[in-house]
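Visitor: So that we are looking at the same thing, I have put the structure below in structure tokens.
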Amino acid sequence: MRMYPTYMNRRTFLSISGAAALTRTSLGAPAPVNKRERMLGLLAGISADKFDQLAAFQNFIVVPLTFLSGVFYSIHSLPPFWQALSHANPFFYMIDGFRYGFFGVSDIAPWVSFGIVVAAAVMLAIATLSLLARGWKLRN
């Protein structure tokens, strides 16, 4: 079978569109944040069988993690259980780093936030690259 430049199978399309959907909002973000969102989009695209599953990934994983990260509030206003849950959320450290960059105020030390964001990006990159190297759900 001859492959033309415009030919793209369904799995490739879902992988590319998943990565594009999660990175279009982070064009001005620092490199570790941008890489992390690209890897999340690529993981979503690889694991999705239908286009609707990409929306489910966004709606049931990314949006709740974003809202629980303290985007609209300081986590100090939360009960202790939700504070502990927010500290387990990698999105919290990204938002806290942005808050420090804009306002000079943060809930966690900026270098700790940066380190956790970089560690999350590295772990997602390793997971995504290992799935791509194995060809999981990519080859027939």
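The values are calculated or read from the model by the stated rules, or taken from the named source; none is laboratory data. Model, not experiment: these values are computed from the prediction. Positions of Cβ are generated from backbone atoms using ideal geometry, with glycine treated the same way; all protein chains shown enter the neighbour counts.
Visitor: If you check every pair at least six apart or on different chains, which have Cβ atoms under 6 Å apart with a residue in segment 71-84 that is surrounded by 12 or more Cβ atoms within 10 Å (Cβ to Cβ) first and a residue that is part of a loop (DSSP other than H, G, I, E, B) second?
Guide: Ile75/Asp107
Visitor: Of the residues that make up segment 43-57, is at least one outside any helix (DSSP H, G or I) and either touching a Pro at 6+ places or on another chain (Cβ under 6 Å) or acidic (Asp, Glu) (or both)?
Guide: Just the residues of segment 43-57 that are outside any helix (DSSP H, G or I), to begin with: 48-50.
Still in the running and either touching a Pro at 6+ places or on another chain (Cβ under 6 Å) or acidic (Asp, Glu) (or both): 49.
So far as segment 43-57 goes, yes, one or more of its residues are outside any helix (DSSP H, G or I) and either touching a Pro at 6+ places or on another chain (Cβ under 6 Å) or acidic (Asp, Glu) (or both).
Visitor: In this structure, is Leu22 surrounded by 13 or more Cβ atoms within 10 Å (Cβ to Cβ), within 30 Å of Lys137 (Cα to Cα) and modelled with pLDDT under 55?
Guide: Numbers: surrounded by 13 or more Cβ atoms within 10 Å (Cβ to Cβ): yes; within 30 Å of Lys137 (Cα to Cα): yes; modelled with pLDDT under 55: yes.
So Leu22 passes the test.
The rows are residues; the columns are (1) part of a helix (DSSP H, G or I); (2) under 20 Å from Met39 (Cβ atoms); (3) in contact with a Leu (Cβ under 8 Å, 6 or more places away or on another chain).
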position: Phe72; (1), (2), (3): no, no, no
position: Trp82; (1), (2), (3): yes, no, yes
position: Met94; (1), (2), (3): yes, yes, no
position: Trp111; (1), (2), (3): yes, no, no
position: Gly115; (1), (2), (3): yes, yes, no
position: Ala119; (1), (2), (3): yes, yes, no
position: Ala127; (1), (2), (3): yes, yes, yes
position: Ser130; (1), (2), (3): yes, yes, no
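Visitor: Could you please find all residues in segment 37-65 being over 13 Å from the mean Cα position of the chain (by Cα) and surrounded by fewer than 21 Cβ atoms within 10 Å (Cβ to Cβ)? Spell out the reasoning first.
Guide: Step one: filter segment 37-65 for residues over 13 Å from the mean Cα position of the chain (by Cα), giving 46-53, 55-56.
Ile46, Ser47, Asp49, Lys50, Phe51, Asp52, Gln53, Ala55, Ala56, listed by residue number.
Visitor: Let me ask something else about it. How many residues are in contact with a Lys or Arg (Cβ under 7 Å, 6 or more places away or on another chain) and surrounded by fewer than 18 Cβ atoms within 10 Å (Cβ to Cβ) if we restrict to segment 87-124?
Guide: Total satisfying the criteria: 1.
Visitor: Can I ask one more? Among the candidates Phe91, Phe72, Phe67, Phe103, single out the residue that is at pLDDT below 85 and either aromatic (Phe, Trp, Tyr) or out of contact with any Phe, Trp or Tyr (no Cβ under 9 Å at 6 or more places or on another chain) (or both).
Guide: On the way: Phe91 fails: at pLDDT below 85; Phe72 fails: at pLDDT below 85; Phe67 fails: at pLDDT below 85.
Residue meeting the stated conditions: Phe103.
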